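*Asks:* Below: one structure in structure tokens.
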Amino acid sequence: QVQLVESGGGLVQTGGSLRLSCAASARTFSRYSMGWFRQAPGKERAFVAVSSWSGDYTYYADSVKGRFTISRDNAKNTVYLQMNSLKPEDTAVYYCASSSTVAAISPALYLYWGQGTQVTVSS
């Protein structure tokens, strides 16, 4: 089983930046695609970004493309989400998750989830 722990959330003003981290417990971390999702109050969990196991392939939701960057360090069992030019609509709880499916977008394809970290963007 893989345990995932997110960190790095917080309160930031519009236009600001945050870097989220997700540390994984498993030695098999490098075998999984890693994704970031977010859930705003009253809304369903939504895909944000995904990285293949090697990090060579990444894919983003249109709403964050050009502003967010997903990366991973397999030696540290950690995946990151660099978020720039933040907007109030980015406010949500952000979750990282692992999947054995390459570049999965659907939450249903993710096996393990972190507890989430709150990101709040003030206007």
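The values are calculated or read from the model by the stated rules, or taken from the named source; none is laboratory data. Because the structure is a prediction, the values reported are computed rather than measured. No Cβ is skipped: glycine too gets one built from the backbone with ideal geometry, and neighbour counts run over all protein chains shown. The accessibility values were calculated without ligands, DNA or RNA, using every heavy atom of the protein model including side chains. Shrake-Rupley method; radii C 1.70, N 1.55, O 1.52, S 1.80 Å.
*Asks:* Scan segment 27-46 residue by residue and report those that are out of contact with any Pro (no Cβ under 7 Å at 6 or more places or on another chain) and in contact (Cβ under 8 Å) with a residue 60 or more places away in the chain.
*Replies:* Residues satisfying the conditions are Phe29, Arg31, Tyr32, Ser33, Met34, Gly35, Trp36, Arg38, Gln39.
*Asks:* Considering only residues of segment 75-87 that are open to solvent by 50 Å² or more (accessible area, probe 1.4 Å) and either within 15 Å of the chain's Cα centre (by Cα) or modelled with pLDDT of 95 or more (or both), which is nearest to Gly8 (Cα to Cα)?
*Replies:* So the residue we want is Gln82.
*Asks:* Pairs needed: first member in segment 54-65, at negative phi and of a type in the set (Gly, Ala, Ser); second member anywhere, outside any loop (DSSP other than H, G, I, E, B) and surrounded by fewer than 12 Cβ atoms within 10 Å (Cβ to Cβ); C-beta distance under 8 Å; at least 6 residues apart or different chains.
*Replies:* Cβ pairs passing all conditions: Ser63/Glu89.
*Asks:* For segment 77-123, give me each residue that is assigned to a strand (DSSP E or B), under 15 Å from Ser30 (Cα atoms) and either hydrophobic (A, V, I, L, M, F, W, C) or free of Cβ contacts under 8 Å to residues at least 12 places away in the same chain (or both).
*Replies:* Val79, Cys96, Ala97, listed by residue number.
*Asks:* Restricting segment 23-51 to residues that are open to solvent by less than 20 Å² (accessible area, probe 1.4 Å) and among the aliphatic types (A, V, I, L, M), which is farthest from Ile105 (Cα to Cα)?
*Replies:* Going through the qualifying residues, I end up with Ala26.
*Asks:* Could you tell me whether any residue of segment 95-114 is closer than 13 Å to Val12 by Cβ and touching a strand residue (DSSP E or B) at 6+ places or on another chain (Cβ under 8 Å)?
*Replies:* no
*Asks:* Right, another one. Pull up segment 101-119, narrow it to residues that are among the β-branched types (Val, Ile, Thr) and open to solvent by less than 50 Å² (accessible area, probe 1.4 Å), then point me to the one that is farthest from the chain's Cα centre (by Cα).
*Replies:* My answer is Val119.
*Asks:* So which strands (runs of 3 or more DSSP E) stay within segment 1-57 end to end and still have 2 or more residues that are within 16 Å of the chain's Cα centre (by Cα)?
*Replies:* Filter on segment 1-57 gives 4-7, 18-24, 33-39, 46-51.
*Asks:* Here's something else I'd like to know. For segment 11-22, give me each residue that is under 15 Å from Tyr80 (Cβ atoms) and either open to solvent by less than 60 Å² (accessible area, probe 1.4 Å) or among the β-branched types (Val, Ile, Thr) (or both).
*Replies:* Leu18, Leu20, Ser21, Cys22
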